[in-house]
Amino acid sequence: MYMQPLNRCIFSSIAVVSFALCLAAELKKTKKDDLVFDGKLCYLPGTASFELGIAALICLSITQVTGSLFIYRKFSPREKGGYFTVTCSLLVFSWIGYGVAVVLLSAASSMNQSQPFGEGWLDGECYLVKDGVYIGSAILTLLPLGSTLGSGIITVRQNKAEETQGSLVYAKVDK
């Protein structure tokens, strides 16, 4: 059948958890005040946003893969037409957004690990995550949810239209 109500609820919940984890990571990320600089070397303490970012990344990956599998399983690629084009476009758009979100979340979470004196994040230098990176990732985490639900709606409408056409009975009317 279609995506069962319980599956939609779980799928949506995981996407919302990923969104919330990204927002929490934004609030917990290292701040400029946390930076310790001794003239040549710098130090940044680790924060909880590293774990929150990794958890958001895991939830995002689960959402993306399950959503894509749902679309692939429910939509027949043999039947090309308007629905096929829209569904494929949503799916491609979702995977592009997923890739950007993975890069943002991975880099930002990696920067929020502890950066000891002389080691830093890259080339011995300390880097801070800019404001809004996690928020941008949070918005991108909702992309798989929206595209999967949109594709699901399209698939359901297509299936209902096919069922309606299949159940029509033509009768000869005598005048």
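Since every read-out is calculated from the coordinates, none of them should be taken as a lab result. Keep in mind that this is a model prediction, so the values were computed, not measured. We place every Cβ from the backbone using ideal geometry, glycine too, and count neighbours over all the protein chains shown.
Here are the numbers:
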item	result
Residues E26, E51, sorted so that the one with the fewest Cβ neighbours within 10 Å comes first	E51, E26
Label point distance in nm, V36-W95, each placed 7 Å from Cα along Cα→Cβ	4.6 nm
Sites V16 and K160, calculated FRET efficiency, Cβ-Cβ separation with R0 45 Å, nearest 0.05	0.95
Under Karplus coefficients 6.51, -1.76 and 1.60, residue-wise ³J(HN,Hα) of the stretch 130-140 in Hz, glycine/proline x	5, 5, x, 5, 5, 5, x, 5, 4, 5, 5
Pairwise label distance in nanometres, I139 with V102, each label 7 Å out on the Cα-Cβ vector	2.2 nm
Residues Y127, Y134, sorted so that the one with the fewest Cβ neighbours within 10 Å comes first	Y127, Y134
Gained length - R73 relative to V86, 0.36 nm times residue gap less alpha-carbon distance	3.1 nm
